Amino acid sequence: LPYDFLSRIASQDLGVELPEKGRFAAGNVFLPVNEASRAHCKKIVEQIIAEQGQTMLGWRVLPIDTDGADVGPTARQSQPYMEQLFIEAADGIEGDDFERQLYIIRKRSTTVLRSDESMKQAKMFYICSLSTKVIIYKGMLTAHQVKPFYPDLEQEDYTAHLAMVHSRFSTNTFPSWDRAQPNRFMSHNTEINPLISTHNQIPPHK
């Protein structure tokens, strides 16, 4: 996470002073473009955060520049609304225990909302990442479009020890915003797996 940047924009945009490193999580969330559906999604997420005993700090509208990144017509047509979510750890919760709660929040929210048949844009809901360690900016974009699409990434105080960019062509599924790489903690190309299993057999341990 770019802690200096997140502390600045949380104070600037939300009027919130973030807790110390490791005591808060941030994540980018895809939401329906329909205002009522979006409000419903946020309400459910906030409800689940409370049920898991954690503290909701706020939602920040994630800045994007569709025109500046020259996003194509197909991607524009299916583009979700995007916000950034901030959560504070409950007293006595830290480290892996907090990460576990964040995982549960993400999975419960996803299960409830993406399977909601009463919401036409249910599949637009997608939590890109939710962690004290990692944040992911992803989309139905080419590699060179990522930075201009997300102005956050151009900020001078957006710093991190490690950054990874991963892109791939969608070969066996129709491309979409939620299926765009990278995954939440690692990136991989599944097409190499059959090759590995066939030609690089590891002998049994003796």
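Counting only helical runs of four or more DSSP H residues, what would the 222 nm mean residue ellipticity of the chain come to if each run contributes -39,500 (n - 2.57) and the total is spread over all its residues?
-8500 deg cm²/dmol
Roughly how far apart, in whole Å, are the Cα centres of the stretch 71-94 and the stretch 137-167?
Distance between centres, Cα-based: 14 Å.
Over the Cα atoms of the stretch 5-74, Rg to Rh with Kirkwood Rh, two decimal places?
Using only Cα positions, Rg/Rh for the stretch 5-74 is 1.03.
Which residues among the stretch 14-50 fall inside the zone where the amide N is under 12 Å from a point 7 Å beyond the Cα of V112, along Cα→Cβ?
40-50
Decide, for the stretch 58-129, between rounded, prolate and oblate: order the square roots of the alpha carbon gyration tensor eigenvalues as a ≥ b ≥ c, take rounded if a/c falls under 1.5, and otherwise choose prolate if a/b is larger than b/c, else oblate.
It comes out oblate by the Cα gyration axes.
Using the Cα gyration tensor of the chain, with a ≥ b ≥ c the square roots of its eigenvalues, what is the shape: rounded (a/c below 1.5), prolate (a/b larger than b/c) or oblate (neither)?
Rounded shape, in that the Cα axes give a/c under 1.5.
Compute the relative contact order of the chain as a whole-number percentage, counting only Cα pairs closer than 8 Å that sit 6 or more residues apart in sequence.
Worked out over the chain, it gives 29 percent.
Hey, what did the stretch 95-164 get for relative contact order, percent, Cα under 8 Å, at least 6 apart?
Relative contact order comes out at 19 percent.
According to a simple spin-label model (label point 7 Å from Cα along Cα-to-Cβ), what is the distance in nm between A50 and T142?
So the label points at T142 and A50 sit 4.6 nm apart.
If you average the sequence gap of Cα pairs under 8 Å that are 6 or more apart and divide by the length of the stretch 45-161, what percent do you get for the contact order?
Over the stretch 45-161, the number comes to 31 percent.
How much of the accessible area of the stretch 31-70, probe 1.4 Å, is carbon plus sulfur, in whole percent?
Carbon with sulfur: 45 percent of the solvent-accessible area.
Largest first, please: the extent of the C-alpha atoms of the stretch 124-166 along each principal axis, to the nearest Å.
Sorted from largest, the Cα extents of the stretch 124-166 read 30, 26, 17 Å.
Can you give me the accessible area per residue for the chain, using a 1.4 Å probe, in Å²?
Using a 1.4 Å probe on heavy atoms only, each residue of the chain averages 59 Å².
Suppose the chain between V61 and V33 were pulled fully straight at 0.36 nm per residue; how much longer would it get relative to their current alpha carbon spacing?
So the extension gain works out to 8.8 nm.
The values are calculated or read from the model by the stated rules, or taken from the named source; none is laboratory data. As the structure is a prediction and not an experimental result, all values here were calculated from the model. When we count neighbours, we look across all protein chains shown, and the Cβ atoms used for this are built from the backbone with ideal geometry, even at glycine. SASA here: full protein model, heavy atoms, side chains in, ligands and nucleic acids out. Shrake-Rupley method; radii C 1.70, N 1.55, O 1.52, S 1.80 Å.
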